[in-house]
Amino acid sequence: MNPNPLPSDNLERFRLVVDCARDYAIFVTDTTGGITTWNPGVREILGYEEAEFVGSNCARIFTPEDRERGADRQERDTARAEGRAMDERWHVRKDGSRFWASGVMTALHDETGNLVGFSKILRDFTRQKETQDALQRAHERTSVILESISDAFYAVDGSFRFTYVNRKAEEWWGRSREALVGKHYWTEFPQAVGSEPYHMHLRAMAERVPLHFEAVSPLIGRWVDINIYPAEDGGLAVYFRDITERKRAEEALRARTEELQLAYTREKYIAEALQRPLTMPVAGDTFPGLLLATYYEAALEEAKVGGDYFDAFALPRGRVALVVADASGKGLQAAARAIQVKEVLRAFTREYPHSPTHILSRLNDYVCDTKHFEEQPEEGFVTLTLAVLDAHTGEMSVVNAGAEPPLVLRKDGRTETVDVSGLPLGVLREELYHAFPLRLAPGDTLLLATDGLTEARRGDAFLGLEGLVDLATRADVASPPQAIVEQVVEGARAFAAGGFRDDVCLLLARRL
């Protein structure tokens, strides 16, 4: 067993994060299931107040039949043996009602590797389960839907004869559906026989299981993302999309990472190579209709390297993506993780330019999948805010993964908090994120920041979100964005008596 100790400063930071996650019931138990701490999401989902929940045993949220089977003990045993236990099951609220939950229990260890308890994250998925059950019974393959999707799609019967081919598949294959429907797949496309897609089709047909994989298509010679689903009629339904550009970006990223690994013994040069693309200032007038300002200050003075970064880049139809992020940890490892997130986020944005929520969900899965290869995977989470802004109309969509809420400094002097939240990237795979729509009027300014400002400390007191809002409100909104940045940063520095304990990263965007 590999212990995953959580230092006290990271535990405090984690507590601050989860307290804001009201869509999740999150609590910590001792080794026997006795509940020691909670978050307000327990009240929202389970109906318990802190005084009646903390001190009780977590078995109370399991159904009677699960308690009789010892499901709560089995979950702890699995987490103790394997590090974590994933489950989807019915749970019971205080009022006796049941709800379908998706959850994960993680073993917690102290610095010496001894088991000290467990953390539990629950989310109410009742509505999603009902929707999923309904969708599974629905007839999915109607012409209107299949011709409107951006994916290529085809269906085959139990003998691998085509029963449907949509317009996108016709376009990529250069064959009409009339020429394919009723014909045998492997006869029409003999070059596919023996390939990875060929064997995956055979497996899905034989085992009647859905499969998802990525491979080079033997039919078009490009990388494709393929989803195969068993159909009720005994055949298969197959969706695929071109991901060649994303694969090229990932390959370029891997090549760059290998180059950096070779230079790890020369820390000074690594620091410069890693930090430059993360915190290179963005020219204020880079994007028509916007005026930008940025700021970065590393907490590690000796290395000038951290995991915070900002980014701004153009999207189709005159839109602009604005990003601030914070990779957990300090120094070179955090900076390397931040570079990976930056490059992969840009790749996913090119692949899904119209869906910020899907971009963040895919990025979250990427962080979850890659952090297991790190020396300290428990520190592999990333907080991030993505705002997609149309500078012409001021319409904006904001998605948040555990980061500080964005602020809007209105031209009339009001400061508004953008109420959007979600789990940090790398905490729970297949997480769904939600977008918050709003509008910037001419003269309004968007402020994105990592938690280096809100965690500025004076003794035991934190500046906090309220303190940041107060600094933004007292700033001169008529002054240039760079001046506002300086006013906010210096105000936080004064609160902290001169020094920050975490990296400070800001990005301001004013609509002209």
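The values are calculated or read from the model by the stated rules, or taken from the named source; none is laboratory data. As the structure is a prediction and not an experimental result, all values here were calculated from the model. Glycine gets a Cβ as well: all are built from the backbone with ideal geometry, and neighbour counts include every protein chain shown.
Summary table
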item	result
Single residue of region 365-384 satisfying the filter (polar (S, T, N, Q) and over 10 Å from the mean Cα position of the chain (by Cα)) that is modelled with the lowest pLDDT	Q376
Failed condition for R501, given (1) under 20 Å from L389 (Cβ atoms); (2) in contact with a strand residue (DSSP E or B) (Cβ under 7 Å, 6 or more places away or on another chain); (3) among the basic types (K, R)	(1)
Selection within region 59-79 - surrounded by 13 or more Cβ atoms within 10 Å (Cβ to Cβ) and of a type in the set (D, E, K, R)	R60, D66, R67, D72, R73, E75, R76
Number of the condition not met by V427 [criteria: (1) of a type outside the set (G, A, S); (2) assigned to a strand (DSSP E or B); (3) buried (at least 24 other Cβ atoms within 10 Å of the Cβ)]	(2)
Output for region 466-512, where each listed residue is in a helix (DSSP H, G or I), within 20 Å of L290 (Cβ to Cβ) and in contact with a Gly (Cβ under 8 Å, 6 or more places away or on another chain)	P481, Q482
In region 315-357, residue nearest to D390 (Cα to Cα) [restricted to those that are in a helix (DSSP H, G or I) and among the charged types (D, E, K, R)]	R317
Breaking point among (1) at pLDDT below 95; (2) part of a helix (DSSP H, G or I), for R203	(1)
Output for region 188-198, where each listed residue is over 15 Å from G158 (Cα atoms) and not acidic (D, E)	F189, P190, Q191, A192, V193, G194, S195, P197
Residue match in region 184-200 (condition: buried (at least 17 other Cβ atoms within 10 Å of the Cβ) and β-branched (V, I, T))	no
Evaluation of P210 against (1) crowded, with 16+ Cβ neighbours inside 10 Å; (2) under 15 Å from F153 (Cβ atoms) (one fails), failing number	(1)
Hits in region 443-491 - residues which are of a type in the set (S, T, N, Q), touching a helix residue (DSSP H, G or I) at 6+ places or on another chain (Cβ under 9 Å) and under 22 Å from L389 (Cβ atoms)	T445, S479
Wholly within region 88-184, helices (runs of 4 or more DSSP H) carrying at least 2 residues that are modelled with pLDDT of 90 or more	167-173, 177-180
Filter result (within 17 Å of R501 (Cα to Cα) and of a type in the set (G, A, S)) within region 326-345	A327, S328, G329, G331, A334, A335
